[in-house]
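The values are calculated or read from the model by the stated rules, or taken from the named source; none is laboratory data. Keep in mind it's a predicted model, so treat the numbers as computed, not measured. Note that we place each Cβ from the backbone using ideal geometry, even for glycine, and neighbour counts take in every protein chain shown. Just so you know, the surface numbers come from the protein's heavy atoms only, side chains and all, with ligands and any DNA or RNA stripped out. Shrake-Rupley method; radii C 1.70, N 1.55, O 1.52, S 1.80 Å.
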Amino acid sequence: MMIRRLLTATAILTASTPALAAADLSVDVQTPTVAVYDTGSYDVVVENVGNRRARNVTLTIDLPETNTSPTVYLLGDLDTYDSRCSLSGRQLTCALGTLRQNRSTTVSLDLMLPLSTAPIQIGASVSSPDDGNASNDSDVEAADLTTYPVAINAPVAATNRHCTSSSNPGLTSFYECELFPSSISSHGITLQSNGSISFANAPPSFTGSWSQTSSDHLSLQYFDGGQLVMSFDGYGVSSSCFEGRADFFPQNGYHALYEVCL
């Protein structure tokens, strides 16, 4: 009987003991669907899902960066951002003060992102001396960027601007070329109605072909003496221009970022 009473008392005590009292911060990066080179509004939501207030809440937002070397830049343009934040390099640090239990706050920023051959990611992390759970303190999301349809009414002249990059790790966006205008070269081509390419200044052995698998996509191939020497895949970044990556053959270790404008 005594043992039963002790077990019953323990069960009652356990059932009535409250959960561990602590703040619990979570962060959620929300990315809009926006066209490349257009400015979109990105939200970072910080929530206290715990049962105690969180003091001195600090949010850090890591903006996408270029693959340029030795100096690294923001991959895109940051327009406006929350007044609680300060910018240093490619990182926003936001002092959010005290966040009560079951409350949230949203930090917004307006960001223009270019076309990239690699996913463009935005990361965020949150901290507080009162946070009792670190498992939900960070989030990383890829930007959701759309491209433009470009009508090609061949024959049509086009100008190709490009810069060359090492493939390790290498540039991923023509935007990076434009940070260094002196690195950009150009040449002219004509997209013929039969799918061939003619060149403004090239030896007779140099030929080419072009195709569109979708209205926002352009493929180019350059040949020298019948051998493939360059392959380009680009996507529409405006009503008349494509951007993308060009790979060289048989040259290894390098590629180029191209802009092709009609």
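Multiplying the residue separation of residue 238 and residue 146 by 0.36 nm and subtracting their alpha-carbon distance yields 32.0 nm. Computed over protein heavy atoms with a 1.4 Å probe, the carbon and sulfur contribution to the accessible area of the chain reaches 50%.
Summed over the residues of the stretch 119-262 and divided among them, the accessible surface reaches 48 Å² per residue at a probe radius of 1.4 Å.
Entry for the chain at q = 0.08, 0.09, 0.12, 0.17 Å⁻¹: log10 I(q)/I(0) = -0.48, -0.56, -0.80, -1.20, Debye formula applied to identical alpha-carbon scatterers, no solvent contribution. Packing, as the average of other Cβ atoms within 10 Å across residues, places the peptides 122-129, 222-229 in the order 122-129, 222-229, highest first. Quick one: compute the contact order of the stretch 84-236, relative version, from alpha carbon pairs under 8 angstrom and 6+ residues apart, as a percent. Answer for the stretch 84-236 is 15 percent. Averaging the sequence gap over all C-alpha pairs within less than 8 Å and six or more residues apart, then dividing by the number of residues, gives the stretch 63-132 a relative contact order of 35 percent. Summing Cβ point charges (Lys, Arg +1; Asp, Glu -1) relative to the Cα centre of the chain gives a dipole of roughly 960 debye. Size descriptors for the stretch 138-206, from the alpha-carbon set: Rg then Dmax equal 16.8, 57 Å. Helix 2-16 axis versus longest C-alpha principal axis of the chain: approximately 50°, rounded to the nearest ten. Cα centroid distance between the stretch 35-106 and the stretch 119-155, in Å? Going from one Cα centre to the other spans 12 Å. Here the spin labels are modelled as points 7 Å beyond Cα on the Cα-Cβ line, and at residue 93 and residue 58 they lie 0.6 nm apart.
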